[in-house]
Amino acid sequence: MNSATVKTLGFKAGERNIFFHLLTACNLSCVHCYINPKQHGANMVSRQEMVDWLKLFAEPDKKSNIIFLGGEPTMHPDLALGIKTARQLGYQSITVDSNGFLFNDLLEKIKADEAVISFSLDGPEPEVNDPIRGRDVFRVCTENLQKTVKKGFDVSVIYTVSRMNIDHLDKMPELLTNLGVKRFFIQVIGFRGKSASARDKLQVTPDEWLTKIPPVAARAAEMGIKVIFPKVFLDEEEVFQCAGQVAENYFIFPNGRVYQCPLCEDYPVNAWRVEDGVLIKNEGLTEDRFFTLNIAEGCVMNKLLQPGNIVYDDKGRPRHRISCCLLKQEITANR
Ligand code: SF4
Ligand code: SF4
């Protein structure tokens with residue numbers, strides 16, 4: 001086994017992804033934190049809201065995936081109830097994205113087949129991870145990850161690539177193998193929340209991304225790990241698609257804002273809101289007005305909000321179109 005195949009995971013009609021931010025609070029203060037309390041408040045959804053909103057977004061006839069997020073979602077005392085309710089409502093996959101602290105004895109309150117636990121690690125060792133995520137975070141996260149694997153849960157790891165850790169990504173496949181992790185999500189840093197003001201320290205160039213990420217992903221795949229990472233740059237023959245137009249994604253915040261595009265989360269342009277338990281379409285200049293704009297650079301919100309990752313040729317044409325940030329590719333080993 002010495003090669004790998006990369007497959008773009010196109011948007012699937014009828015598939016829905018519900019990203020439910022239960023609260024914005026967190027015990028950590030990561031350098032690249034994307035949470036923006038000015039836009040999304042400091043409250044958490046109540047137990048009743050959690051149940052009601054899960055019902056509001058449930059559509060058991062379609063493949064609906066739910067991802068519980070924060071802040072740190074395990075700080076919500078009713079997360080276990082949320083997971084069990086989501087199962088009863090027919091959500092097909094249930095994931096908790098945690099920073100690894102696993103508060104409120106979550107693992108004692110749910111069964112291993114009730115949710116996938118995804119751990120955020122931004123370095124293969126404390127010297128890389130902890131300057132980004134906080135002192136002693138590597139130890140706590142990896143210890144809890146191992147406990148979770150031992151209990152039989154399906155676990156994955158998310159690595160947010162920035163200038164602070166891109167050169168250490170190549171050590172992750174060995175660490176993941178040692179920890180028993182079979183699924184690895186590599187994500188590119190987005191400039192939202194706190195990371196928007198630390199852009200110079202964090203942003204990777206297109207060349208760095210294209211030369212450094214795929215080889216590590218291929219090696220991890222050869223070691224038996226399923227690797228998913230964003231497409232970012234479209235190949236010439238590939239068609240640009242905006243998930244806001246062709247897919248169903250909802251990014252729900254505890255103050256009731258519901259976005260369709262994660263790049264828009266720093267702005268009050270959410271297409272939807274939940275008010276008094278009802279999902280309401282917003283009027284005015286909302287994110288969906290931008291989704292239909294057809295530009296040579298690909299994603300219009302990327303062009304507006306993070307143009308630094310677009311490189312132009314000497315005739316002023318973009319060298320690559322930027323894909324939708326929600327478009328992923330999966331790499332698997334050829335056996
Ligand atoms: S990035 Fe996640 S874990 Fe880090 S401070 Fe923000 S919410 Fe917490
Ligand atoms: S990232 Fe760009 S392409 Fe994707 S939903 Fe947002 S605006 Fe559309």
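The table below gives the values:
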| read-out | value |
| --- | --- |
| Charge dipole magnitude, Cβ of K and R +1, D and E -1 - the range 113-168, Cα centre, debye nearest 20 | 100 |
| Label-point separation in nm, Q245 to K109, each point 7 Å along Cα→Cβ | 4.3 |
| The chain - charge dipole about Cα centre, Lys and Arg +1 at Cβ, Asp and Glu -1, debye rounded to 20 | 280 |
| Separation of alpha-carbon centers, the range 296-313 and the range 63-77, rounded to whole Å | 30 |
| Of I110, H168, V149, farthest towards positive along the dipole that unit charges on Lys, Arg, Asp, Glu beta carbons give the range 77-192 | I110 |
| Across K151/K281; K7/K63; K111/K281; K109/K281; K62/K109, pairs whose alpha-carbon gap is larger than 32 Å | K151/K281; K111/K281; K109/K281 |
| Rounded Å value of the spacing that divides the Cα centres of the range 321-335 and the range 119-139 | 26 |
| Among I280, C242, A218 the positive-end extreme of the charge dipole of the range 190-335 (Cβ point charges) | A218 |
| Shape of the range 117-233, Cα gyration tensor, a/c cut at 1.5 | oblate |
| Separation of the E208 and R289 label points, Cα + 7 Å toward Cβ, nm | 3.5 |
| Alpha-carbon radius of gyration plus Dmax, which is the widest Cα pair, for the chain in Å | 19.3, 60 |
| Between the range 255-274 and the range 1-27, the alpha-carbon center distance in angstrom | 18 |
| Net charge dipole size for the range 288-335 [Lys, Arg +1 and Asp, Glu -1 on Cβ; Debye, nearest 20] | 80 |
| Within the chain, helix-based [θ] at 222 nm, where runs of 4 or more DSSP H residues each add -39,500 (n - 2.57), nearest 500 | -7500 deg cm²/dmol |
| All aspartates and glutamates inside 12 Å of K212 as judged from Cα atoms, apart from same-chain residues fewer than 8 positions distant | D167, D170 |
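Bear in mind that the values in this text are calculations on the coordinates, not laboratory data. All values reported here derive from a predicted model rather than from experimental measurement. Heads up, the Cβs are rebuilt from the backbone with ideal geometry, glycines too, and the neighbour counts pull from every protein chain shown.
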